[in-house]
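Contents: one structure, followed by commentary.
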Amino acid sequence: MGAKLSGGGGGSKLHVEANAEINVTPFVDVMLVLLIIFMVAAPLATVSKEVVLPKAVAKPQPSPPKPIYITLQKSGDLFIGDFSTSLDTLGEDMKRAVGARDPDQERIYIRCDQKTRYADFMKVMNKLQDNGYYSVALVGEDDTQ
């Protein structure tokens, strides 16, 4: 907003009149510069060489199967997911949980209580290997807070 000072003769007081005009010239200058930049940059962003691409023949990959969790509690109780099992029936229960999928390709996640005996954990690992489950991942709690 601008102001205009106007005064009369010799000793009269000055009074201020408001000027409500907006100067749009800088705005128009900036817009024209941006327009020129986009007009120059747009052709550079397009590919100017034509290439005939081959057709893709790969089949889409299926979604990964639902992970299988084995839980070993400090009391020695063993679970596949939410279902209770024992060391003697672990192999058959794993085959039911995996279904028709290949056990060599299946990843098994083991969760153990921190107070679990190492011998109990190794019995579970050995039983899994005896039944053909070699891809085993151990689950721990993230302590990076």
**OP:** Might you check whether a residue that is under 21 Å from ASN131 (Cα atoms), at pLDDT 90 or above, surrounded by 10 or more Cβ atoms within 10 Å (Cβ to Cβ) and of a type in the set (Lys, Arg) occurs anywhere in the stretch 89-111?
**Re:** yes
**OP:** Filter the stretch 57-79 for residues that are exposed (fewer than 12 other Cβ atoms within 10 Å of the Cβ) and of a type outside the set (Val, Ile, Thr) and give the result.
**Re:** ALA58, LYS59, PRO60, GLN61, PRO62, SER63, PRO64, LYS66, SER75
**OP:** Filter the stretch 125-140 down to residues that are of a type in the set (Gly, Ala, Ser) and out of contact with any strand residue (DSSP E or B) (no Cβ under 7 Å at 6 or more places or on another chain) and give me whichever is nearest to GLN73 (Cα to Cα).
**Re:** GLY140
**OP:** Answer yes or no: is there a residue in the stretch 95-105 that is assigned to a loop (DSSP other than H, G, I, E, B), under 35 Å from the mean Cα position of the chain (by Cα), at positive phi and not basic (Lys, Arg).
**Re:** yes
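What are the residues in the stretch 82-105 that are in contact with a Ser or Thr (Cβ under 8 Å, 6 or more places away or on another chain) and free of Cβ contacts under 8 Å to residues at least 24 places away in the same chain, if any? If you could, list the steps in order and put the result at the bottom.
At the first step, the residues of the stretch 82-105 found to be in contact with a Ser or Thr (Cβ under 8 Å, 6 or more places away or on another chain) are 93, 104-105.
ASP93, the sole residue that qualifies.
The values are calculated or read from the model by the stated rules, or taken from the named source; none is laboratory data. Because the structure is predicted, anything quoted here is derived from the model rather than measured. Cβ: placed from backbone, ideal geometry, glycine included. Neighbour counts: every protein chain shown.
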